[in-house]
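The values are calculated or read from the model by the stated rules, or taken from the named source; none is laboratory data. It should be emphasised that the depicted structure is a prediction, and the values quoted were computed from it without experimental measurement. Neighbour counts run over all protein chains shown; Cβ positions are idealised from the backbone, glycine included. Ligands, DNA and RNA are stripped out before the accessible areas are found, and what is left, the full protein with its side chains, is counted by its heavy atoms. Shrake-Rupley method; radii C 1.70, N 1.55, O 1.52, S 1.80 Å.
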Amino acid sequence: MKATIAVIGSHSALQILKGAKQEGLRTLLMCLRGRESLYGRFGLADRTVSIESVESILEEDVQSLLEDEGAIFIPHGTLISGARLEDLERRFRPKIFGNRFIFKWEYDRELKDRLLSEAGIRTPKRLSSYSEIDGPVIVKLPGAEGGRGYFIAKSPRDFESKIRQLSEKGLIKKGEEEKVFLQEYIIGVPVYPHYFRSVIEDRLELMGCDRRYETSIDSIGRICAKDQLELGITPTFRVIGNIPLVLRESLLVDIFEEGEKFVSAAGRLVPPGMIGPFCLEMICDEEGKLHTFEFSGRIVAGTNLFVNGSPYSDLLFDDPMSMGRRIAREIKTAAEQGMLESVTT
Ligand code: AMP
């Protein structure tokens, strides 16, 4: 029997559905109500079920439906930000592709820091109070989605004045200023490698790479220095889109090394370890050193750039291989070899 792939309609769902079809699998779309016509336009779902919100997947009837369909659920970014992660770990009965226990490590900044540092991955220094600021730091809001309200501060006074400015503009909500996360600001360029840890092939694959397009930080160069100073601009980091990236080949040595360290630490700290897609969010400094400030333990939206494959996936596969298709292929091969239990939790 063909495996069925289930996904919530948002984030990277189109790519996941398309990849499943390319691999000859059945597709079940859990469509957020109101978006049916969007997904209908692409005709990639064999069955569509409307749900009210991301949390609806925890409801008894939705879980039973997924079980009746024998569906394998593919997690993506919307799931991490929207569902109750403890409940997803304990109460969600359908099979999830990947490691369901890694999501809370991605969501919780303390756990995230712990996993990265225990992996031995180079990370930016963390500050415990704004009084410690004595060089550029990036100020991150609690649970901020997509860099909203982040800013750079270079001294305690600078921090106080920018917090005031952004609060007045409504970019920071009341109470958030006390819960900010302070991290050394690495001067360099962002690099987001898309990894796939294949349990079936027992290897780590690089499937693509992107950088994000962030407002307003990426627009600063469009304004001359004199005007920047006069306007007193405080750039922020809200993600708007993604731009493809091909790296200097020599950098790939470190990219793989950091990825392997992550896989090995996840194996120790979050059994059964990394399965399928993940991303390390890095800044590459002027010496070419990689500093990882975040990770995502599931498919990232930057992979949407490569629906038809990327320069890296093309080197590994003869077929155009998106991350969505790579997921489907892993599931298909696992099913053929009786190894579904090894790629799901
Ligand atoms: P995040 O929400 O942590 O993924 O960060 C949003 C954006 O802020 C990133 O895409 C980077 O452009 C920037 N950023 C985050 N942390 C750092 C850092 N430590 N140094 C430099 N830039 C950073």
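Quick notes on this structure:
- Leading residue by the ranking (farthest from residue 172 (Cα to Cα)) among those in region 252-268 that are surrounded by fewer than 16 Cβ atoms within 10 Å (Cβ to Cβ) and without any contact (Cβ under 8 Å) to a residue 60 or more places away in the chain: 253
- Of all residues in region 211-223, those that are under 21 Å from residue 295 (Cα atoms) have Cβ atoms under 8 Å from Cβ atoms of residues that are open to solvent by less than 50 Å² (accessible area, probe 1.4 Å) and in a helix (DSSP H, G or I), 6 or more apart or on another chain, in 212/302.
- Residues of region 312-331 classified as more than 25 Å from residue 251 (Cα to Cα) and open to solvent by less than 30 Å² (accessible area, probe 1.4 Å), total: 6
- Candidates are the residues of region 144-155 that are free of Cβ contacts under 8 Å to residues at least 40 places away in the same chain and surrounded by fewer than 16 Cβ atoms within 10 Å (Cβ to Cβ); the one that is farthest from the ligand (Cβ to nearest atom) is 155.
- Filter pass, residue 193 being within 15 Å of the ligand (Cβ to nearest atom), open to solvent by less than 80 Å² (accessible area, probe 1.4 Å), part of a strand (DSSP E or B) and at pLDDT 95 or above: yes
- Residue ID - nearest to the ligand (Cβ to nearest atom), chosen from residues in region 115-138 that are touching a helix residue (DSSP H, G or I) at 6+ places or on another chain (Cβ under 7 Å) and either outside any loop (DSSP other than H, G, I, E, B) or open to solvent by 90 Å² or more (accessible area, probe 1.4 Å) (or both): 126
- Taking each residue of region 286-301 that is within 12 Å of the ligand (Cβ to nearest atom) and looking for partners that are hydrophobic (A, V, I, L, M, F, W, C) and part of a loop (DSSP other than H, G, I, E, B) with beta-carbon atoms closer than 7 Å, six or more apart or interchain, yields 291/186; 292/121.
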